[in-house]
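The values are calculated or read from the model by the stated rules, or taken from the named source; none is laboratory data. Everything numeric in this text was worked out from a predicted model, so none of it was measured. All Cβ positions, even for glycine, are placed from backbone atoms using ideal geometry, and neighbour counts span all protein chains on display. Protein only, heavy atoms only, side chains kept; ligands, DNA and RNA dropped before computing areas. Shrake-Rupley method; radii C 1.70, N 1.55, O 1.52, S 1.80 Å.
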Amino acid sequence: MKNKMNGAPGHASHIFSSLSILLAGGMWGTMGLWVRKFSQEGLDSLQILSLRVTLTAFLLLLFLGVYNRTLLKIHWKDLWCFAGTGICSIVFFGYCYNQTILLTSLSVAAILLYTAPIFVMVLSRFLFGERFTVQKMAALLLAFAGCICVTGILSGDHAVSTTGILTGLGSGFGYALYSIFGRYALERNYHPFTVTFYTFLCAMACVLFLADWKPITDFAVSSPSGLCYSIAYCLVTTVLPYILYTFGLDHVEAGKASIMATIEPVIATLLGVFVLQESISATGILGIILVLCALVLLNK
C-alpha cells in the first residue's frame, strides 16, 4: 500500500479518514433503532440481514452504473478478497451475532462482538507487519474496558453457555475479517466503492439460498412506506458507513481503524438513552469516557 501519510496532504487525508471511520461507527450504532421496526413487522434476524445485503447490493449497482461504470470492473483472480469481506465477514458475522443474541444477553453479545479489534491487531501484525505498539495496546484495553462498562455487563450476573461464548467470539472474528480482507482489496488499488459493492454482491449470493423471502417482499414491496424505510435503513446502516470505513482503511492501519469503530456501542447507548428513554448508569457514562479516551490516544 502506498504511503499516504507523509507531508501535509497525507496528514489531511489521515484526519479525514479517521473522521470517516468514526462517522461509520456512529452510523452502525443506529442499527438497533432500525431493526426494532423490522422486528415489529415480523421479520427474523436472517430475513433482516438478507434484506440489508440484497437491497444494498442493488443500490450500489444503481449508483455505480450512474456514477462511474468503470468501478464495476475487477480482476476475477481477486474475487477471493470480496468473498472474504462478503461471505466470511458480513454473512458469518451476522449469523454468529444473531445466534449469540438468542443464546445470551444483549450486553454479553456486544462484549464478545467487540473482541474484533483484538483479532484485527493480531492478524494485522502477522499479515501486514503492523507494529503492535504500547499506544495501540493501551487504546485497545481502554476501548474494550469502555465497551464492558457501556453495555452494563458489570451490573448483572450473566451465565453464558459454551455455545454462546463460541458464537460470540465467532461474531468478533467475522467482524474483524472485513478489515483484513478489505485491506487486501485496497492494496490491489480497488476503489472503496468497488470493494463495498462486491462485498455485498457476494453476501447477497450467499443469503439468497438461506432466507424465507416472502415476509421480506411483503414488507419491502407491498407499501411505499415499507420500501422507503428499507432503502433508508440500508443507506444509513450499510451503504454509507461501509464506504466510509473502507475509505478510512486506505489511510489508517486496520488495527487502529477497528478500535476507532468501537464508538458504535457508545452511540447505540446514547440513542437508547435519549431516543428510547433507556436509563444509563454511572458505569455506562464511565464506559463512554474510556472509549473516547481510546480514540484520542490513537489519533494523537
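Counting the residues of region 207-216 that are open to solvent by 10 Å² or more (accessible area, probe 1.4 Å) and either assigned to a helix (DSSP H, G or I) or among the polar types (S, T, N, Q) (or both) gives 2.
Out of all the residues in region 248-298, which are closer than 13 Å to Gly25 by Cα and of a type in the set (Phe, Trp, Tyr)? None - no residue of region 248-298 is closer than 13 Å to Gly25 by Cα and of a type in the set (Phe, Trp, Tyr), so the list stays empty. Of the residues making up region 21-48, those that are under 13 Å from the mean Cα position of the chain (by Cα) and open to solvent by less than 20 Å² (accessible area, probe 1.4 Å) number 6. Flag: Ser258 matches the condition of being modelled with pLDDT under 75, part of a helix (DSSP H, G or I) and polar (S, T, N, Q). In region 152-180, the residue that is nearest to the chain's Cα centre (by Cα) out of those that are at pLDDT 65 or above and outside any helix (DSSP H, G or I) is Gly152. Residue count for region 217-251 satisfying the condition of being modelled with pLDDT under 85, among the polar types (S, T, N, Q) and open to solvent by less than 10 Å² (accessible area, probe 1.4 Å): 1. Listed conditions (1) among the small types (Gly, Ala, Ser); (2) touching an Asp or Glu at 6+ places or on another chain (Cβ under 6 Å); (3) crowded, with 21+ Cβ neighbours inside 10 Å are all met by Ala257, apart from (2).
Of all the listed residues (Leu55, Leu59, Leu64), the sole one being among the hydrophobic types (A, V, I, L, M, F, W, C), open to solvent by less than 60 Å² (accessible area, probe 1.4 Å), in contact with a Leu (Cβ under 6 Å, 6 or more places away or on another chain) and part of a helix (DSSP H, G or I) is Leu64. Taking the criterion of being open to solvent by less than 80 Å² (accessible area, probe 1.4 Å) and under 21 Å from Leu177 (Cβ atoms), the residues of region 67-86 that qualify are Ile74, Asp78, Leu79, Cys81, Phe82, Ala83, Gly84, Thr85, Gly86. For region 172-195, residues that are within 23 Å of Ile118 (Cα to Cα) and among the polar types (S, T, N, Q) total 1. For the condition in a helix (DSSP H, G or I), open to solvent by less than 30 Å² (accessible area, probe 1.4 Å), closer than 22 Å to Gly248 by Cα and modelled with pLDDT of 85 or more, Ser89 qualifies.
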